[in-house]
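S.K.: Take a look at this one; I'll ask things after.
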Amino acid sequence: MATLAGVFIFLTIEGVPGFFQEEQFYKGAGNFWGYVDHLLFGTVLAATIALIVAVPLAFGIALVVSHYAPKWIAGPVAYVIDLLAAVPSVVFGLWGINLFAPKMVPIYDWLNAHLGWLPFFEGPVNPVGTTILTAGLVLAIMILPIITAISREVFTQTPVLHEEAALALGATRWEMIRLAVFPYAKSGMVSAVMLGLGRALGETMAVAMVLSGGGGISFNLIASSNPTSIAANIASQYKENTPGTLHVLIATGLVLFLVTFLVNFAARWIVAGNDRKMAR
Amino acid sequence: MSTTLKPAPVSVASIPLTHGHLPRGAEILVGVVAAAAAGLFPLLLGWGLVAWVIVSVILFIVGLTVWSAIVETRRSATDRMVTALVWTAFGIALVPLVSLLWTVVSKGVPAINSTFLSYSAFRTSLDQPIGIYHAIVGTLVITLCAVVISVPIGIFAAIYLVEYGKGNRLARGITFLVDVMTGIPSIVAGLFAFSMFTAFFGAGYRAGIGGAVALSLLMIPIVVRSTEEMLRLVPDDLREAAYALGTPKWRTITKVVLRTSLGGIITGVTLATARIIGETAPLLLIAGLTTRTNVNPFEGFMTTLPVFIYSQFQKGTAADFELAWGTALVLVIIVLLLNIVARVIGKIFAPKTGR
């Protein structure tokens, strides 16, 4: 049990020298923050895209499974979703680069042609589709089953009496869900989203495989050079085995760890606060 | 009886007790009309199938909502719109998920044959067929080591949390650490194992055991969590009955508590194993990459199935990708089997605790 605490201490000891390495290890950036800021940006950007796409869809699926669909659809679908939550990320990456990215290219062309005045779709369009938007969408598909599984669990736990009371007062089904199910499930939904966010932030392989990184900070979602993420950067750089580079990588890992830690901590805090409110 | 009855006031009569309803099968009607209307676009403008589906769904939602708002009330219009939206979300989300499974199966099956499963990727001449035997062995050895490391630690930690340290400061600290570790990104776990083994055994040390340590770091919190849940489910009556018979605490725990919750614990461990068996990133850092079969976790590089997929992906030719898809299928099947086993174990042991 003491080893658990050891992890953090060890990582800090190994990582801290990375903050103060000589300039050559930072690939042109002056200091550590110059090196890590665009990685951090890429991480957050990809995770944000993933969340924006995945959250409404996940709640939609969860609602269908828990309240809309008849039993003979809901059962198998729930099982398949649970199963997809266990599919290894490297398989998602393989699927993303082989099938999904090429399919996205015409859509990017269309977006560029019609919405090119938005900074997001400025172009020029990446001809193979390995953009940060693709990476974000693959991440969205990956975190979809997790968010769905947890929120379905909370939705089904809503007391049946509350639901029936709402219906008996003449509420339509949507009003019943809004008045009885959502308030009850709010903390569970928040923690599901946060868990998905933590997963998306730390995800390595899918991003490393799908994204062609190397760019700086840019909001252009469909270009050829994209900001890469911390985790993917570690996975692609670790082979350069000089101690200096390694320390820098471990330091970026430490930054990533702190970010995910903050996210998890916030989720727990929100959930705990809500529980107290419900108890009162 | 005859004089005082007047006709009802006009204002009351104007509020109907029931409002209009859409005819039965309105959804189907709107759907057909929307599909037909959207079908004009591909005919006139030469749009593709995808655009047709998107346009018809949008038309369907708008059409149904507007019709319902006219005939019925605004509230039922909202209800119908949300129902349509929710089902749409469901449909959109199922497409990539089904596509993923279908791709893995359809591309993976042609790659699998007896050579594929029983040869390693080490070839002595260029035309020799290669397989994933080495990766299967590597996966089994590393996962087994990770299970051996993390199951005792996880279960003992959970026993401490539930049976001994109820609510004291150390237990709360451990719970907090476990919570934090649940959110640890896998690559950070790999970095930790990497830097630890570099510190102890010198630079460039890579072996399966390092991967096992990294994986167990990811596995311990899951095991602690699920075991804790299961132990809490054991009714206090059983414990008190054992104490009343004069049984010492450690014997109560081993003979009563653990035995009652055994099924749940095994299910939790199996699910945790299924979760870590697909991890790539930490093994990429610490376990290395090799083409030969290696069964010794303490010496030499070791390849697992996910790492093999990644390395095939990096080579990038069509033949390499075929191997990668085959490996992906094998991996998914292993995960699937573990999940089913966990469910079956849960089912077998579940009734005992109920009685």
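S.K.: To the nearest 20 Debye, how big is the dipole of the stretch A:35-192 about its Cα centre, given +1 on the beta carbon of each Lys and Arg and -1 on that of each Asp and Glu?
M.R.: Numbers: 6 positive and 8 negative charges, 46 e Å.
So the dipole magnitude of the stretch A:35-192 works out to roughly 220 debye.
S.K.: Assuming 0.36 nm per residue, please report the length gained on full extension of the stretch B:Val109 to B:Trp250 beyond their Cα-Cα distance.
M.R.: Details: separation 141, 0.36 × 141 = 50.76 nm, distance 5.11 nm.
Taking B:Val109 through B:Trp250 to full extension adds about 45.7 nm, to one decimal.
S.K.: Run the simple label-point estimate for B:Ile58 and A:Thr48 please: 7 Å along Cα→C-beta, distance reported in nm.
M.R.: Distance between the two pseudo-spin positions: 2.5 nm.
S.K.: What does the C-alpha gyration tensor say about the overall shape of the stretch B:133-354? Classify as rounded when a/c is under 1.5, otherwise prolate if a/b is larger than b/c, or oblate.
M.R.: On the way: a/c = 2.78, a/b = 1.82, b/c = 1.52.
It comes out prolate by the Cα gyration axes.
S.K.: Using the count of nearby Cβ atoms within 10 Å as a rough guide to exposure, how do A:Arg152, B:Arg275 rank from fewest to most? Walk me through the numbers before you get to the answer.
M.R.: On the way: A:Arg152 27, B:Arg275 19.
Going from sparsest to densest Cβ surroundings: B:Arg275, A:Arg152.
S.K.: First measure r as the distance between the Cβ atoms of B:Ala35 and A:Gln157, then evaluate 1/(1 + (r/R0)^6) with R0 = 30 Å and state the FRET efficiency to the nearest 0.05.
M.R.: On the way: r = 38 Å, r/R0 = 1.26.
It comes to 0.20.
S.K.: While we're looking at this one, here's another question. Tell me, what is the FRET efficiency for B:Ile70 and A:Leu169 to the nearest 0.05, using R0 = 22 angstrom and their Cβ-Cβ distance as r? It would help to have the intermediate numbers written out before the result.
M.R.: Numbers: r = 25 Å, r/R0 = 1.15.
E(calc), rounded to 0.05, equals 0.30.
S.K.: Right, here's the next one. Per-residue mean of other chain beta-carbon atoms within 10 angstrom of the beta-carbon, peptide A:172-180?
M.R.: Details: counts 10, 6, 10, 5, 1, 3, 2, 0, 0.
For this peptide, the per-residue mean of nearby foreign Cβ atoms is 4.
S.K.: Assuming 0.36 nm per residue, please report the length gained on full extension of the stretch B:Leu336 to B:Thr88 beyond their Cα-Cα distance. Walk me through the intermediate numbers first.
M.R.: Values: separation 248, 0.36 × 248 = 89.28 nm, distance 2.80 nm.
That pair, B:Leu336 and B:Thr88, stretches by 86.5 nm at full extension.
S.K.: Next question. Give me the number: length gained by fully extending A:Ile107 to A:Leu179, i.e. 0.36 nm times residue separation minus the C-alpha to C-alpha distance, one decimal in nm.
M.R.: Details: separation 72, 0.36 × 72 = 25.92 nm, distance 3.81 nm.
Contour length minus the Cα-Cα distance gives 22.1 nm.
S.K.: Assuming R0 = 30 Å, can you tell me the calculated FRET efficiency for the pair B:Ala318 and B:Val344, based on Cβ-Cβ distance, to the nearest 0.05?
M.R.: Working: r = 39 Å, r/R0 = 1.30.
Using R0 = 30 Å, I get an efficiency of 0.15.
Since every read-out is calculated from the coordinates, none of them should be taken as a lab result. A quick note: this is a predicted structure, and the numbers were derived from the prediction, not measured. Cβ coordinates were reconstructed from backbone atoms using ideal geometry, including for glycine residues, and neighbour counts include every protein chain displayed.
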